[in-house]
Amino acid sequence: MRFSSLVEASCEAVSIRYNNKVYELQRQGHDVTVLSLGEAFFDLPLFSFDLLPLEKIYHYSHSRGILELRAALAHTYAEKYQVPVDPVSEMLVTAGSKAAIHMAFMTILDRGDEVLIPEPAWVSYPEQVKLCGARPIGVPYWIDTFHLEEFVTPRTRAIVINTPHNPTGRIYSAAELEYLLELARRRDLWILSDEAYSEFTADDSFVSLGRFDPHKKHSILFNSISKNHGISGWRIGYVIAAPEVINRVLKINQHLITCPPTILCHYVARYYDRILAITRPQIRAVVEKRRRVLQHLDALGITYLPGTATFYIFASIAPSALGSEAFCTRLLEERLVSVVPGIGYGASCDGFIRIGVGTTSMEKLCRGLDAIKELIEETAALNRAQAA
Ligand code: PMP
């Protein structure tokens, strides 16, 4: 049997691999403390499907996504983030932002091109770049935004940022975004800004990259209802870019997806304001819970990379002697606590784990954190014993 070398070179998503282990343990009847999921659970009612247009909902729809939904999403970008978006020509809605990001990579990359990806990096960026025949260049987490130019070569085509950031919760500052756009203009690059967690902030500190590039000459933005509205299973995400970019993404979308699920797009368009009104206060509660979890980590003496947003924390496992995969496997198998190994977020991140606070009660979370601390101590002792 022969297979594509691009697919053979691509790795499984480490977060999904750990979550599959969790489902398996749960199926065997174990009570797992799940800190590995990439979402926050909300209390969200089911509004009536009876009010949706019956003549449309069973069928294919516009392959940019229905205009009513694009208009609602564009309105949020204009009102809340001060990014003017023409819903007719500058937006495409597709089956999740993951697909949107991949199609954007396909639109801008040729074989051998390089894409700079600051670490920790969401697990899919490097694999998606590789699937385009291009080269992901991971930038170690200690390099700050203002030094990214040192990694730019004649083959560099794009830089991918994620703000607010999975897994640290960091929000890129206006100064960083302006610098990135200045670099993009000077070195003829695209800046891809994944803004899938834009609602998950304690205050109004999130700034969209689009605010500094209203004509979208160098920026491509992504967002989604998965995290911001707690509706990950419906697979609705979108890309905002100049018409020249969107028209090319549209070609790919027509050949791969056709259109996002019509009935769900009508539902979200119809109930969009009510969904926002219900989810926004719950998001504030999750971000507040994250703040309290940080206090618990501080008390335990566990350090983490700085960040105030999202429902993730990227915590250090130093001085454990274990790599992050071995640490997470032992934590899950011996203590029934699931977190995601940092190594999945880049070669520089093996000393970290990702903790998600969005799906577990505070009480259970604290017990999970205590278990993490115990395992760090137990395996640090191992380190000392080996050194002696
Ligand atoms: N970007 C980031 C940073 C994510 O964490 C995720 C999901 N884990 C996505 C994009 C993809 O989200 P979706 O495809 O559900 O819109």
Over the chain, give the accessible area per residue in Å² for a 1.4 Å probe, as an integer.
43 Å²
21 Å Cα cut-off, lysine pairs counted over the chain (separation 8 or more, or different chains)
14
Thr156's amide H: which non-local residues (gap 5+, or another chain) put their own amide H closer than 5 Å, with H modeled 1.01 Å from N in plane and none for Pro or chain starts?
Glu114
In what sequence, largest accessible area first, do His296, His59 appear using a 1.4 Å probe?
His59, His296
Accessible carbon and sulfur surface of the chain relative to its total accessible area, %, 1.4 Å:
54 percent
Using the Karplus equation 6.51 cos²θ - 1.76 cosθ + 1.60 (θ = phi - 60°), what ³J(HN,Hα) coupling, rounded to whole Hz, does each residue of segment 161-168 give in order, writing x for Gly and Pro?
10, 9, 9, x, 9, 8, x, 8
Sequence-distant or interchain residues sharing an amide H contact under 5 Å with Ser219, placed H: which?
Ile191
Whole-number percent relative contact order across the chain, with pairs defined as alpha carbons under 8 Å at least 6 apart:
24 percent
Counting only residues 5 or more places away or on other chains, whose amide H sits under 5 Å from the amide H of Gly65 once H atoms are built in the peptide plane?
Val93
Taking only the alpha-carbon positions of segment 22-130 as identical scatterers, the Debye log10 I(q)/I(0) at q = 0.15, 0.17, 0.18 Å⁻¹ comes out as -1.07, -1.17, -1.19
Over segment 54-274, what number does the Rg to Rh ratio reach, with both radii from the alpha-carbon atoms and Rh per Kirkwood?
0.95
Order of exposure, largest accessible area first, which applies to Leu25, Leu67, Leu46 with probe 1.4 Å
Leu46, Leu67, Leu25
Test of understanding: what is the full-extension gain from Asp43 to Thr303, defined as 0.36 nm times their sequence separation minus their Cα-Cα distance?
90.5 nm
In segment 54-274, what % of DSSP beta bridges are antiparallel (nearest 5)?
30 percent
In Hz, Karplus ³J(HN,Hα) per residue of segment 226-239 (6.51, -1.76, 1.60; θ = phi - 60°; x = Gly, Pro)
4, 8, 4, 10, x, 10, 5, x, 8, 6, 10, x, 8, 10
Suppose we keep just the DSSP beta bridges with both residues in the chain; what percent of those would be antiparallel, to 5?
45 percent
Helix-only mean residue ellipticity at 222 nm for the chain, each DSSP H run of n ≥ 4 adding -39500 (n - 2.57), per residue, nearest 500:
-13500 deg cm²/dmol
Taking the alpha-carbon centre of each part, the distance from segment 62-141 to segment 246-308 in Å is 15 Å
With r defined as the distance between the Cβ atoms of Glu363 and Asp110 and R0 fixed at 35 Å, what FRET efficiency is calculated, to the nearest 0.05?
0.10
Calculate how large, on average over all directions, the projected area of the Cα convex hull of segment 250-388 is; give the answer in nm² to one decimal.
12.1 nm²
Cα gyration tensor of the chain - equivalent ellipsoid semi-axes, whole Å, descending:
34, 26, 20
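The values are calculated or read from the model by the stated rules, or taken from the named source; none is laboratory data. Predicted model, so just to flag it, every value in this text is computed and none were measured. Note that we place each Cβ from the backbone using ideal geometry, even for glycine, and neighbour counts take in every protein chain shown. With ligands, DNA and RNA removed, areas are computed over all heavy atoms of the protein, side chains included. Shrake-Rupley method; radii C 1.70, N 1.55, O 1.52, S 1.80 Å.
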